1. Points 7 angstrom from Cα along the Cβ direction at residue A:204 and residue B:324: gap in nanometres?
2. Return the long-range amide H neighbours of residue A:87 (sequence gap of 5 or more, or a different chain), with a cut-off of under 5 Å between placed amide H atoms.
3. Find the relative contact order for the stretch B:409-551 and round it to a whole percent, using C-alpha pairs within less than 8 Å whose residues are 6+ positions apart.
4. Provide a whole-number value for the mean count of partner chain Cβ atoms within 10 Å of the Cβ atoms in peptide A:185-193.
5. Expected output is a single nm value to one decimal: the length gained when fully extending between residue A:154 and residue A:404, i.e. 0.36 nm times separation in residues minus the C-alpha distance. What is it?
6. Using only the Cα atoms of the stretch B:250-344, each taken as one equal point scatterer with no solvent, compute I(q) by the Debye sum, divide by I(0), and report log10 of the ratio at q = 0.13, 0.21 Å⁻¹.
7. Given 10 Å bins starting at zero, what is the percent of C-alpha pairs of the protein assembly as shown in each, up to the one with the largest pair distance?
8. Across the residues of A:217-225, average count of Cβ atoms on other protein chains within 10 Å?
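Each value in this text was obtained by applying a stated rule to the coordinates, not by laboratory testing. Everything numeric here is computed off the predicted structure, so don't read it as measured data. With ideal geometry, Cβ positions are generated from the backbone for all residues, glycine too; neighbour counts draw on all protein chains shown.
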Amino acid sequence: MTSRRFFLKSSALAAFGAGAAPAWLARALYAKDAPNPRKKVLVAIFQRGAVDGLNMVVPFGDANYYRLRPTIAIPQPDGSPDSAVDLDGFFGLHPSLAPLKPLFDAGRLAIVDAAGSPDPTRSHFDAQDYMESGTPGRKATADGWMNRALPPIAGPKSPVRAVSLEPSLPRSLRGRNDAVAISSLGEFQVRDSRGAATFESMYQSAGDAALAGTARETFEAVRLIQSIQKQPYTPGARYPNGRFGQSLQQIARLIKAKVGLEVAFADMGGWDTHVNEVGQQPSQGQLANLLREFAQGLAAFHEDLGDRIEDVVLVTMSEFGRTAKENGTRGTDHGHANVMFALGGPVKGGKVYGDWPGLATERLYESRDLDLTTDFRDVLGEVVTRHLGNPNLAAVFPGYASPKFRNLLA
Amino acid sequence: MRKIVGTLVVLAFGVLPAAAAKNSQSPFQIRLSKDQQVVQALNRLTFGPRPGDVREVQRIGRKKWVDRQLHPSGIRENPALEARLRAFDSLSMPPAEAARHYPTPAMIQAIATGRQPMPDDPGVQRMVARYKARKDDADPIAAPRRVRPNLIASASEEVGRQMLLDNAPQQVVSYDLNSGKLLRAVYGNRQLEEVLADFWYNHFNVFLDKGADRILVPTYERESIRPHVLGKFRDLLESTAKSPAMLFYLDNWQSVASNPPLPKRPKQARRGLNENYARELLELHTMGVDGGYTQKDIVEVARCFTGWTIKTPQKGGGFEFNGKVHDKGEKIVLGNVIPAGGGMEDGEKVLDILAHHPSTARFIAASLARRFVADNPPPQLIDRMADKFRKTDGDIRSVLKAMLDSKEFWSQGAYCAKMKTPFEMAVSSLRALDAHVENTIGLAKVLSDLGQPLYRKLEPTGYSTLNAEWVNSASLLARMNFAIALAQNKVPGVKVDLARFGSSADIGGIARAVLFHDLTPETTAALEKSSPATPALAAGLVLGSPDFQRR
């Protein structure tokens, strides 16, 4: 695999010629009416730490939910800010997710419940790894599902095809295709401008073709991002404070700049709510605060993109769900199935997808957790195939022979 | 196709720097000059030359110097380093003690709310008092106080560590580990031993942030890895197999016979055989993925290791064999019958079988050759090293000696053929500039930005030593920025004094002083064209150059 990557790079370099300006990029950037390929974009959001999906999308129609969670359940919808926001008479959103209700109603937001990874592990470490590699139960996988999801391209590629807003490249994006980690657009540069020029000329002439090739891509990406940075820009929406909002805002900026972004990754942490998950009121406390930031971020992203949302699908995931029953410290422990969101123009929203297994004791996974009825690869696989246009799912999710699409996308 | 591609890679990496592409002779047959041999010794057996090292090797004689590095107990360790290491007390603590002294926020909360007894450690008592004092703040468990890293990074070591202790005690163990590893690599005299400690830890990788491993790793490195880095492979293998850190990391501590003799208690979560350790033991630790074992062998090996567990891992308990959950049936591992009725010795027998398997000899030889010689080492060299492994019962020192006696090691094919890992790049920069590392917070962040946070490789594969892994955009930019920042004294917690370079930027002189050999003509041309204004910028540019990324 390694050598293949080098081979591809070296030959691309030879075909392209060192020093030749990537004219198509310049065209995409500067010409107002250039024939810009409106790239389809996939954005993945990872909720690290295992969000409590049962309090995120509340099954208020299931009496067992209230039996299992005497002190931390979200009350049935009654219109008050401390009750669930009714979606379909059975499920409701956590009150902090109220900003997403209009998107659900407009058919832009779909929810898949009882979804996640089939692997039984309750280790954050293993479960995140399995979800990001896209191969539950298989540790030896070297690369990530999003990297494999990139459709093959002939000819020169955008240096910012695959971008992580995590400071280091997450497992999901690692692999043969180039992906860049950009903790912030402003910092993606050599901080000394004279040094930058010298480095560029040094690496351009480096005898090592692979190093020279990567350096060329890097400086292209830097120039591209700096030129975006230099243009006056005001986000088209107000994002919440914090890293998550910043990440989404920068992804939106890259999408709107039409520089060839195809997949982007951002994460948000803090979801591991073993203790005091819910505050004095359901609209308060740790989970409520995190979900507020989460919902405001997604809503702002949707608004900011304007009509570009038609080309974008954003999916959310978390390594596993949390116990159906609350624990002794007003929190929840590591569970199994969870909930996933899909947001975007191509999404057939306004519906909670999936088969609800129920919370009756005999229906629980290992007698304690929400059971799984949708494999996360069914959701991601559909987006990869129908939205990104990569039909080769056997390569994206090796070992997963027959995904069952939920038909979330129009 | 694969083979052709492989050859192209060898050409790109091995031959071009040696400028011998037209010669039909393999670059691994072309000897290095005397001066190049000295550079090669320092680049491969140390974390990079410091000022004065080249002369030191020349004075002692290359062969004798190498022999000394192979016998580190005869090298006097740097007393200043030893004095500094004493400050990082968690490095010498058993896990239980580290767990008590450096509790997590959840543990502090448990004590503060009376769910756990108050320990007599005054430090912990202070932490609990602080917790109670700031209880009005937003939930401290959800959001453990984030210490402002820049503040700590620019403090003195003593103050910085105390700030960490007051605000995030659970991070002290990680801080101590990072400090120990970085300071030893930069200042230690037993360099080959240090390079090997890094190599073997990475070979038997454990991820620090997986649960109890946060307190198990210091003991793992100290007792399971370090004593064996030049010893018998079989000892190294067993010490890792029995380490709580590895048992926890690869889940073997929870692995029990599929049909335990105990009556099943319905309320308990399902437990059974866990194959994780068995799989990685075969694939990554011993035989290699193509070593010739089957899925059936993995299951059989996993059965042999049932009952190898840990007493109370979160409290830092030690290794324990629990016969009650051990699978006592007969197993067949790689054709060897392990009779029914065995106990802990079943696992030990597996280690014997694996340590003496020819695939293991070859896999270990190849791994060492890839680290020390080239990405694609000549097969004849691997054969000779593997042969030595078999003949010496897996004696690591002898295998290394076979490599260091080979013509391939001292050839153009090996010279500057390896891309430095971020850790190697950062440490070799610090050594080249003779930097003073005041505290390691800033450097730990740099390594994270460069893509190699120490002790935090999540996957059991460890960090790759292959060139391709480290050629990517984010990492390259981070290298250039680190290089410039270091030379301009802008890495928090690190001081460099470039007065010895004078005030004018004599590029050739600075390059030789930093790189210890000549820059390529292309790099020199680029540098001269830019005519950097200060020696600091010139030194930064050399550290960030393609030439310095290789060793």
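1. 7.2 nm
2. For residue A:87, the qualifying residues are A:92, A:93.
3. On the way: 177 pairs, mean separation 46.1, N = 143.
32 percent.
4. Numbers: counts 0, 0, 3, 3, 3, 7, 7, 11, 0.
The per-residue average across the peptide is 4.
5. Numbers: separation 250, 0.36 × 250 = 90.00 nm, distance 3.01 nm.
Roughly 87.0 nm would be gained on extension.
6. Reported log10 I(q)/I(0), two decimals: -0.47, -1.09.
7. The calculated distribution, bin by bin, is 2, 11, 20, 24, 22, 14, 6, 1, 0.
8. On the way: counts 3, 8, 3, 1, 3, 2, 0, 0, 0.
Mean number of neighbouring Cβ atoms from other chains: 2.
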